[in-house]
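Asker: A single structure is presented below for examination.
Quick note: the coordinates plus some simple rules give every number you see, no bench work behind them. Computed from a predicted structure; not experimentally measured. Using ideal geometry, Cβ is built from the backbone for each residue, glycine included, and neighbour counts are taken over all protein chains shown.
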């Protein structure tokens, strides 16, 4: 049986906000957050908070960042969100403190059931734990939790949970090695 998009089912999914709030976000809030004309992170954070996002201190947001629904976004302290990151949050996205999302990263909380001829919508939250890094052009899929300090390298795709302090690469992302942090607070000695 072929897919019947005319019988599409969104199930119990709702955008989580009134139509007026959505229109205000897409007409006013989102363009300001995406804009390169206003590169100031403080203004972008202020706008996101006005639309319901929970955003911590010291957050840096670069131009071109797209957020589907700010009322489904929680961001900890000292998070960096690079150019052209897309937070496609049909379900909640949580970025704990000290998370880095590099340029062009895509966090996708929704997908369709390819076994259902009605192409039903399925959503699941994403959680990026403290100190994790999503590399440039990397993709994090619905329901994924990246463990504390995990790294998803350039262009990789995470379709399942990533273990803490582990570096992942590829499509689908596979563990490459453990992440080791070097203490840079101690001055290096000259020989």
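Asker: Quick one: divide the alpha-carbon radius of gyration of the stretch 120-191 by 2.2 N^0.38 Å and tell me what you get.
Answerer: 1.33
Asker: For the chain, set up a GNM with springs between Cα atoms under 10 Å and report which of 159, 108, 100 has the largest fluctuation.
Answerer: 159
Asker: Comparing 120, 41, 102, which has the greatest mean-square fluctuation in the GNM of the chain with Cα pairs linked when under 10 Å apart?
Answerer: Between 120, 41, 102, it is 120 that shows the largest mean-square fluctuation.
Asker: Using DSSP, restrict attention to beta bridges with both residues in the stretch 17-174 and report what percent are antiparallel, rounded to the nearest 5.
Answerer: Within the stretch 17-174, antiparallel bridges account for around 10 percent of the total.
Asker: On to the next question. With an 8 Å cut-off on Cα pairs and a minimum separation of 6 or more residues, tell me the relative contact order of the chain in percent.
Answerer: Over the chain, the number comes to 13 percent.
Asker: While we're here: Which one, (1) 13.7; (2) 10.4; (3) 10.9, gives mean projected area of the Cα convex hull in nm² as derived from the coordinates shown?
Answerer: (1)
Asker: Right, something else. Quick one: angle between helix 41-50 and the longest Cα principal axis of the chain, in degrees between 0 and 90, rounded to 10, please.
Answerer: Here the helix axis deviates by roughly 40 degrees.
Asker: Picking from 113, 163, 88, which is most flexible by a Gaussian network model of the chain using Cα springs under 10 Å?
Answerer: In the Gaussian network model the winner is 113.
Asker: Here is a follow-up. Which of 126, 167, 81 has the fewest other C-beta atoms within 10 Å, and how do the rest follow up to the most?
Answerer: 167, 126, 81
Asker: So what is the 222 nm mean residue ellipticity for the chain from helices alone, if each DSSP H run of at least 4 adds -39500 (n - 2.57) and you divide by all residues, rounding to the nearest 500 deg cm²/dmol?
Answerer: The per-residue figure over the chain is -2500 deg cm²/dmol.
Asker: Measuring from centroid to centroid over Cα atoms, what is the spacing of the stretch 113-191 and the stretch 3-49 in Å?
Answerer: After rounding, the separation between the Cα centres reads 25 Å.
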